[in-house]
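Here's the structure we're looking at; comments come further down.
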Amino acid sequence: MKLNLISVDFTKSPEKYSSIIEDLAMNRSKRAMLKIKREEGLSSISFNTCDRAEVYILGEAKPERVLRSLSLSPILSKCDMSFLSNEDAIRHLFLLSTGLISPLYGEEAIISQLKRASALSSRAGTSSPELRKLFNMALAFGRRVLSMGLSSELDQERVDIAFSYLNKYKSILIIGSSREARELSSRLIKAGREVYMTLRDTKKDFLSYPGVHIIGYEERLEKASKADAVISLSKSVYKTIEGKDKDYFSGKCVLDFSYPNDVDSSLSAISPEELGYTGKTRKRALEIVEPLLEEEIKAFFKWEESAISENSLPIDAKRLSENVIFRLGSKIEALSIPEEDKKGLYSLIGDSVERSYIAL
């Protein structure tokens, strides 16, 4: 199996992708996979998040054509693109499923995103038995690591650094309500500081530590003008502080601890790295996971070897099923029937093709 991964990291240049991140949804992934199948004849699974776009391709494909299939400019995206193949690509996928290498440390949403991408690829007829097996194993591995509690651990180093720096200020505004934001707010309150924290839904004030002043997200600029320091710990794909808001932050200390960075560069916000962040929490977790990861990679290659050496009829049947679904997909999608009926029709066609091929 020749596996290639083409990835674009939006966090390297968030301003460049801010206008398209929201549009990088599953429908764009589907268009990309269909285009790669139609023009290159290759199986693939693609998915997009607020911090990356990735395409796993079974075979050789020119990166420029893959980027265009995602409606991304090869010229603008070149410096943000990475390319991995074979075992390196497999390793990346397995680690990605754990949330340990995501910009937002320990994110659990990646598992559902990978699951949806694999299902979408199968439904579009652009997957393959190898890619399905690989993604299923990655999903199982991600859930296994999640159950170990590693990815649910706070990145305590970031909280420690933020607290040490902000503790000298009397009034602090925290934009965001993530676990890190809540932990930081509780420590600042215990230290006798006045703390404000934004919530998009102020009815969920139970998320805050007692003593923290909850304000609506839309009130952040007004409150920032009265606070001594501001830190963004948001998970939003939008900028929480834009260049046009600069006057509200005149003379203020501003920290940007969000992923991707969401404070406009004109404010010269302080990053975790500027305050000495080393990522030791991540490194410790990765050291624990590494032996388990090696076992999983070996297990996949063992499956692949046995699939090739043994009776390949079931594999060939699944491959034929994918091609039939790919050819019929546009016609099925055009049918005026409920979504559940469409899913059932895809399943029925796939199963019928596989059984018929094996029976011949």
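Rule-based calculations on the coordinates, nothing more; no lab input. Owing to the predicted nature of the structure, the values given are computational and were not obtained by experimental measurement. Note that each Cβ is placed from the backbone with ideal geometry, even for glycine, and that neighbours are counted across all protein chains shown.
Using only alpha carbons, build the gyration tensor for the range 136-259 and give me the equivalent ellipsoid semi-axes, biggest first, whole Å.
Working: eigenvalues 155, 56, 40 Å².
Largest first, the range 136-259 gives 28, 17, 14 Å.
Could you calculate the FRET efficiency of Glu242 with Lys298 from 1/(1 + (r/R0)^6), where r is the beta carbon distance between them and R0 is 41 Å, rounded to 0.05?
0.25
For a Förster distance of 25 Å, can you work out the FRET efficiency between the beta-carbons of Ser171 and Glu274, rounded to the nearest 0.05? Walk me through the intermediate numbers first.
Numbers: r = 22 Å, r/R0 = 0.89.
That pair, Ser171 with Glu274, gives E of 0.65.
First obtain the Kirkwood hydrodynamic radius of the range 198-329 from its Cα pairs, then insert it into the Stokes-Einstein equation at 4 °C and 1.567 mPa s, and state the resulting D in µm² per second as a whole number. Mind showing how you got there, number by number?
Details: Rh = 20.0 Å.
Roughly 65 µm²/s, to the nearest whole number.
For Arg116 and Lys12, calculate 0.36 nm times their separation in residues minus their Cα-Cα distance, and state this gained length in nm to one decimal. Display every interim value, and only then the final one.
Details: separation 104, 0.36 × 104 = 37.44 nm, distance 2.54 nm.
Full-extension gain reported as 34.9 nm.
Per DSSP H run of n ≥ 4, the term is -39500 (n - 2.57); total these for the chain, divide by its residue number, and report the mean residue ellipticity at 222 nm rounded to 500 deg cm²/dmol.
Values: 13 runs with 178 residues, N = 360.
After summing the helix terms and dividing by the residues of the chain, the value is -16000 deg cm²/dmol.
So which GluC sites (Glu not before Pro) in the range 227-313 pass both tests, a DSSP loop state and at most 16 other Cβ atoms within 10 Å of the Cβ? Walk me through the numbers before you get to the answer.
Details: sites: Glu242, Glu273, Glu274, Glu287, Glu294, Glu295, Glu296, Glu304, Glu305, Glu310; in loops: Glu242, Glu310.
Qualifying residues, ordered by number: Glu242, Glu310.
Over all alpha-carbon pairs in the range 77-141, figure out the percentage whose distance exceeds 13 Å.
Numbers: 1385 of 2080 pairs.
Pairs farther apart than 13 Å: 67 percent.
With the cut-off at 26 Å, tell me which of the pairs Lys168/Lys246; Lys35/Lys318; Lys2/Lys318; Lys12/Lys226; Lys298/Lys318; Lys30/Lys133 have Cα atoms farther apart than that. Show your work: numbers first, answer last.
Values: Lys168/Lys246 23 Å; Lys35/Lys318 21 Å; Lys2/Lys318 18 Å; Lys12/Lys226 32 Å; Lys298/Lys318 23 Å; Lys30/Lys133 19 Å.
Table pairs above 26 Å Cα-Cα are Lys12/Lys226.
Which listed residue (Leu345, Gly99, Leu58) has the Cα farthest towards the positive end of the charge dipole for the chain, taking +1 on Lys and Arg C-beta and -1 on Asp and Glu C-beta about the Cα centre?
Checking the options against the dipole of the chain, the answer is Leu345.
What is the spin-label model distance, in nm, from Asn136 to Phe206 if the labels are put 7 Å beyond Cα along the C-beta direction?
3.9
Which order do the peptides 275-286, 165-176 come out in when sorted by mean C-beta neighbours inside 10 angstrom, highest first? Present the calculation step by step, with values, prior to reporting the outcome.
Values: 275-286: 14.9, 165-176: 19.9.
Ranking the peptides 275-286, 165-176 by packing returns 165-176, 275-286.
First measure r as the distance between the Cβ atoms of Ala334 and Ser82, then evaluate 1/(1 + (r/R0)^6) with R0 = 45 Å and state the FRET efficiency to the nearest 0.05. Don't jump to the answer; show the numbers that get you there.
Values: r = 37 Å, r/R0 = 0.82.
Once the sixth-power term is evaluated, E becomes 0.75.
Counting pairs of alpha carbon atoms under 8 Å apart in space and at least six apart in sequence, what relative contact order in percent does the chain give?
Values: 561 pairs, mean separation 55.9, N = 360.
Dividing the mean separation by the residue count of the chain yields 16 percent.
Going by average Cβ neighbours within 10 Å, how do the peptides 76-83, 92-99 rank, with the highest at the top?
Details: 76-83: 15.1, 92-99: 23.0.
Most protected by this proxy first, the peptides run 92-99, 76-83.
With viscosity set to 1.567 mPa s and temperature to 4 °C, compute the Stokes-Einstein D of the range 253-309, Rh being the Kirkwood radius across alpha carbon pairs; µm²/s, no decimals.
Working: Rh = 15.0 Å.
So the translational diffusion coefficient is about 86 µm²/s.
Taking Rh as the Kirkwood radius computed over C-alpha pairs, what is the Stokes-Einstein D of the chain at 10 °C in a medium of viscosity 1.306 mPa s, expressed in µm² per second?
Working: Rh = 22.6 Å.
Rounded to a whole number, D works out at 70 µm²/s.
As a footprinting exposure proxy, order Phe301, Phe47 by other Cβ within 10 Å, with the fewest listed first. Could the numbers behind the result be given before it?
Numbers: Phe301 14, Phe47 27.
Sorted ascending by nearby Cβ count, the order is Phe301, Phe47.
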